[in-house]
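Scroll down for the structure; my scribbles are underneath it.
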Amino acid sequence: MAQPFLKKDDDHDDEVDYSPFLGIEKGAVLQEARVFNDPQLDPRRCSQVITKLLYLLNQGETFTKVEATEVFFAVTKLFQSRDLGLRRMVYVIIKELSPSADEVIIVTSSLMKDMTSKTDMYRANAIRVLCQITDGTLLTQIERYLKQAIVDKNPVVASAALVSGIHLLQTNPEIVKRWSNEVQEAVQSRAALVQFHALALLHQIRQNDRLAVNKLVSSLTRGSVRSPLAQCLLIRYTSQVIRESASNTQTGDRPFYDFLEGCLRHKAEMVIFEAARAITELNGVTSRELTSAITVLQLFLSSTKPVLRFAAVRTLNKVAMTHPIAVTNCNIDMESLISDQNRSIATLAITTLLKTGNESSVDRLMKQITTFMSDIADEFKIVVIEAIRSLCLKFPLKHRSLMNFLSNILREEGGFEYKKAIVDSIVILIRDIPEAKESGLLHLCEFIEDCEFTYLSTQILHFLGIEGPKTSDPSKYIRYIYNRVHLENATVRAGAVSTLAKFGAMVDSLKPRIFVLLRRCLFDTDDEVRDRATLYLNTLGADGAVEDMKEFLFGSLDIPLVNLERSLKNYEPSEESFDINSVPKEVKIQALAEKKAPGKKPTGLGGPPPAPPSTIDAYEKLLSSIPEFANFGKLFKSSAPVELTEAETEYAVNVVKHIFDGHVVFQYNCTNTIPEQLLENVTVIVDASEAEEFAEVASKPLRSLPYDSPGQTFVAFEKPEGVPAVGKFSNMLRFIVKEVDPSTGEAEDDGVEDEYQLEELEVVAADYMLKVGVSNFRNAWESMGPDCERVDEYDLGPRENLAEAVNAVINLLGMQPCEGTEVVPSNSRSHTCLLSGVYIGNVKVLVRLQFGIDGPKDVAMKLAVRSEDEAVSDAIHEIVASG
Amino acid sequence: MLLAILISNFAGNILLERFNGVPSEERLHWRTFLVKLGADNLKGARNEELFVSSQKSVYIVYTVLGGVCIYIVGKDEYDELALTEVMFVITSSIKDACGKSPSERLFLDKYGKICLCLDEIVWKGILENTEKDRIKRLIGLKPPNPTEI
């Protein structure tokens, strides 16, 4: 809870410290609400009770269904009163109580009477209340009045109807869309707010009709829009039209740009700002176009109004990400904002300066930031840290002063997220700037001497284990690491033991000393610490191959932990030891599409039905239990279910593609959605004429498919061993259909053979790729080495945007995006995406994609592939070339 | 969409709140966040001095009015400048309803009237009225000034 703070304009003449709602209690107020039933209504008293009800509701108090119904029925009695003040309160409380559909009926006639009243204000309020509590049926009855209200000469009535329309569009779009003509008329209204509401509604009605939005914008940009709010909406819609039409422009002229530029001279600041922002966000904005927008934003930077300063610096901050040079003119104004009382403004100014500054200004900026950091909250500090990290990567020569800054703030007070941001930054700088490595590692070592966050300590220890042994003098880190064994909790101690072992493995000269330290850890109070020490002493002391030991200590666990956990839980202790190679590597576990029907009759023995299989393991078990497929070997991959029928058809069928080394099995999951039918002998007839390398070898029909009880039928194909064959398959569901008597549930004896056409199915290259992530792509890439690397460039042709191109390539390859690189920042002109996977034959593959987009949206891509087998690297290129 | 209007006293107690399109499980988070934002920044603030902040894609404009703190949260077309407009209407209507910048007590005394004002200003997350004189007439069910029609 916030601490009380000083009041500037305290009203000493009021009786303070006493609330009219002191001790208010829901039960008592509900009792008081009985006053609404009095034959002689006291409007003042009734208004007071409604105010108390509103106060309770505004405090987050809730009424039970019974309570709300009781109050609602009582409130409806108040329509008898002619008191205007009370009637207004009644409208509000009905909206707040939100009566249910069966209760609404009691108030409908009163509200409809008010809606057709001669008193304008009754009409406006009744419209708002009716539209809040109405359903589709009632809406059709009152539609005529609403259409009239939209063009009512009283702006309050018109606005009420228009805003109702905006809300109703979510629930009853087909009705509201019929009001287009009236709304169009309201757009021309002289009343500013009516125009604002009408424009918003008209755009929502027409938003999916590009041509209609274009016409709307064309007509309004020529005419005069009265309300600044409406003008802002128009600017937004105009930007949308520009965005969508830009790719069609041949001449290079930007449509409606003059309108946007004209808005920069509008008298309302809101409009000027909206126009400036719209210009800065234009696709492929030129520096000439940017200049006019940035000039007005620069003026806002020195405004006396904090909101304008904030809006301007926020927009410039965004521009600085893509066009830093264009913003440099504002740097002097922005520097003065570092001392702005509003810390949000100051933070935005700092981070913008960090993006636009040049190498020579770094030191001066860092001085200013040092004083600034002490008086801002952690969330702002994190933003600054991230900006400093980017700056350091931009100017690596400045790493010394920036690293010093980071280490200084690391010593100061701060929460976990803040400290984590600093540590992450230092780690990234160490990885990307080799010269910063030694000093960075020492800063981290000093930090763990006094670190209160277990997570950060263990992360740093892990990082030290990888980077420390590669430095010129690894021994200087040992003291910091071993101190953890004495001073920290068990988790950190265990981490420290692992790190010590890594130093021992990598630095021969340190090995004897590490042995001494590890032996001391054998007496630790914690099991995990002792176990690790024992394990590492044995591993390091064994005579085995050095490479095996290093792989054990440094190799990444290329199995998703969730899968490992599940496999361990499923493992039943036996003679046979647990085999880590049996753990599936697929990241995304697909649940089996088929579900056991709820309420299915128990099995004959009355025992519990087997739990529904839910993992790839389950697929493997299922397939190996079918004798025809038992000798296909190890299952490489099972795809996500692909729908072969439209939703809500008579028979729902989807297919899962199971890939083996020399076979492919299609598992058709079928559901019969017709209660009056029983299907028997269900098979899928597959035509593989467009899949030349595949030959059908087995088919397993489904004996019986009753209503709503899914079942599977399988078809297996042989294909060349280890070859990623692709092809197209057409499918026909064939079955015998028997009529079922719904009353008895019994099927007739005789059935009729029937067929049902299914959609086509494709086996694509991505089906031969497992999505397997790596924890550190850079390390994985470097350790894979360039021996089997293949690099080539591709022209992907015109694309909607970069994100679309990136997604298309990821889907084509079916690989796992790493380090969040599948996300493309908006307006990016270039992007790098990192992918990893395992190709059929268990070959690890890493891919580095570099995309660039030019003016007419032509996307070019550089594809670098590294794998353990050059044939596989070539195969990846072939997939892209033919895709 | 105007996601929230929240009015608290200086101790952080909520006097009035209206959420639109905010799931009930997120409301507590917003309440706590806004009150903390006020506690961090509104100390010693001038009456009606505007403060502004943004949290991801959401904008927040807040201020002190007499003895109460007012917070408005918006997104999309309700950015910081549109929220300033909304804030101006709210503060001037509250002052109108109370006769001056209200103390907490005065605010609670005029609670019913203020609820009506807010009902006229914002309806389910959309700004409906922006002129205090018109709002003053509307809450008494009087039509707007004839010159407006």
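The values are calculated or read from the model by the stated rules, or taken from the named source; none is laboratory data. Quantities reported herein were computed from a predicted structural model and do not represent experimental measurements. In this analysis, Cβ positions are derived from the backbone assuming ideal geometry, glycine residues included, and neighbour counts consider all displayed protein chains.
A few notes on this one:
- Identification of helices (runs of 4 or more DSSP H) wholly contained in segment A:292-383 with 2 or more residues that are charged (D, E, K, R) yields A:306-322, A:331-336, A:343-356, A:362-373.
- Criterion violated by A:V791 - all others in (1) assigned to a helix (DSSP H, G or I); (2) over 22 Å from the mean Cα position of the chain (by Cα) satisfied: (1)
- Members of segment B:89-119 found to be more than 10 Å from B:I135 (Cβ to Cβ), within 11 Å of chain A (Cβ to nearest Cβ) and of a type in the set (A, V, I, L, M), listed by number: B:L106, B:L108, B:I114
- Among residues that are within 11 Å of chain B (Cβ to nearest Cβ) and crowded, with 19+ Cβ neighbours inside 10 Å, A:V187 is not included.
- Counted as qualifying within segment A:179-280 are the helices (runs of 4 or more DSSP H) with 2 or more residues that are among the aromatic types (F, W, Y), namely A:257-263.
- Subset of segment B:49-66 that is surrounded by fewer than 23 Cβ atoms within 10 Å (Cβ to Cβ), at the interface with another protein chain (Cβ under 9 Å from one of its Cβ atoms) and in a loop (DSSP other than H, G, I, E, B) - its residue that is farthest from the chain's Cα centre (by Cα): B:E49
- Among the residues of segment A:646-668, the ones that are part of a strand (DSSP E or B) and touching a Phe, Trp or Tyr at 6+ places or on another chain (Cβ under 8 Å) come to 14 in all.
- Residues satisfying the stated conditions in segment B:120-149, i.e. farther than 24 Å from A:Q132 by Cα and more than 8 Å from chain A (Cβ to nearest Cβ): B:K132, B:D133, B:N145, B:P146, B:T147
- Check on A:P396, within 13 Å of chain B (Cβ to nearest Cβ) and surrounded by fewer than 21 Cβ atoms within 10 Å (Cβ to Cβ): no
- Scanning segment A:45-55 for residues that are buried (at least 18 other Cβ atoms within 10 Å of the Cβ) and closer than 24 Å to B:I14 by Cα returns A:S47, A:V49, A:I50, A:T51, A:K52, A:L53, A:L54, A:Y55.
- Residue within segment A:172-185 that is closer than 18 Å to A:D152 by Cα, among the small types (G, A, S) and out of contact with any Lys or Arg (no Cβ under 7 Å at 6 or more places or on another chain) present: yes
- If you go through segment A:710-750 and keep only what is in a loop (DSSP other than H, G, I, E, B) and buried (at least 16 other Cβ atoms within 10 Å of the Cβ), you end up with A:P710, A:K719, A:P724, A:A725, A:V726.
- Within segment A:807-849, the only residue that satisfies the criterion of being part of a helix (DSSP H, G or I) and touching a Pro at 6+ places or on another chain (Cβ under 9 Å) is A:I810.
- Within segment A:56-74, considering residues that are polar (S, T, N, Q) and within 14 Å of another protein chain (Cβ to nearest Cβ), the one surrounded by the fewest Cβ atoms within 10 Å (Cβ to Cβ): A:T62
- All of A:L812, A:L863 fail the test of being aliphatic (A, V, I, L, M), within 23 Å of A:K657 (Cα to Cα) and surrounded by 14 or more Cβ atoms within 10 Å (Cβ to Cβ), apart from A:L812.
- Considering residues of segment A:83-95 that are of a type in the set (D, E, K, R) and facing chain B (nearest Cβ under 9 Å) only, the residue surrounded by the most Cβ atoms within 10 Å (Cβ to Cβ): A:R88
- With respect to the conditions (1) at the interface with chain A (Cβ under 7 Å from one of its Cβ atoms); (2) in contact with a helix residue (DSSP H, G or I) (Cβ under 7 Å, 6 or more places away or on another chain); (3) buried (at least 18 other Cβ atoms within 10 Å of the Cβ), B:Y71 falls short on a single one, namely (1).
- Candidate set: segment A:399-442, residues that are outside any helix (DSSP H, G or I) and not aliphatic (A, V, I, L, M); chosen: the one farthest from A:F453 (Cα to Cα): A:E412
- Unique match (being at pLDDT 90 or above and surrounded by fewer than 19 Cβ atoms within 10 Å (Cβ to Cβ)) among A:D10, A:D17, A:D42: A:D42
- Among the conditions (1) away from chain B (no Cβ under 13 Å); (2) among the polar types (S, T, N, Q); (3) surrounded by fewer than 22 Cβ atoms within 10 Å (Cβ to Cβ), A:S239 misses just one, which is (1).
- Conditions (1) modelled with pLDDT under 85; (2) within 11 Å of chain B (Cβ to nearest Cβ): number failed by A:R128: (1)
- Filter result for the condition that a residue is more than 11 Å from chain B (Cβ to nearest Cβ), assigned to a helix (DSSP H, G or I) and buried (at least 21 other Cβ atoms within 10 Å of the Cβ), over A:L78, A:L139: A:L78
- Here segment A:351-379 is the region considered, the condition is being of a type outside the set (G, A, S) and either more than 20 Å from A:D333 (Cα to Cα) or touching a Gly at 6+ places or on another chain (Cβ under 7 Å) (or both), and the residue that is surrounded by the fewest Cβ atoms within 10 Å (Cβ to Cβ) is A:D375.
- Residue match in segment A:259-278 (condition: crowded, with 18+ Cβ neighbours inside 10 Å and farther than 19 Å from B:L81 by Cα): yes
- Against the list (1) more than 29 Å from A:R703 (Cβ to Cβ); (2) outside the structural domain of A:M861 (by the TED database); (3) without any contact (Cβ under 8 Å) to a residue 24 or more places away in the chain, the condition A:E782 fails is (2).
- Segment A:306-319, residues that are out of contact with any Cys (no Cβ under 9 Å at 6 or more places or on another chain) and touching a residue at least 12 places away in the same chain (Cβ under 8 Å): A:P306, A:L308, A:R309, A:F310, A:A311, A:R314, A:T315, A:N317, A:K318, A:V319
- Selection within segment B:15-47 - at the interface with chain A (Cβ under 9 Å from one of its Cβ atoms) and not in a helix (DSSP H, G or I): B:L15, B:L16, B:E17, B:R18, B:L42, B:K43, B:G44, B:A45, B:R46, B:N47
- Inter-residue pairs, beta-carbon under 8 Å, first in a loop (DSSP other than H, G, I, E, B) and in segment B:123-142, second hydroxyl-bearing (S, T, Y), 6+ apart: B:E128/A:S159; B:N129/A:S159; B:L141/A:T119; B:L141/A:Y122
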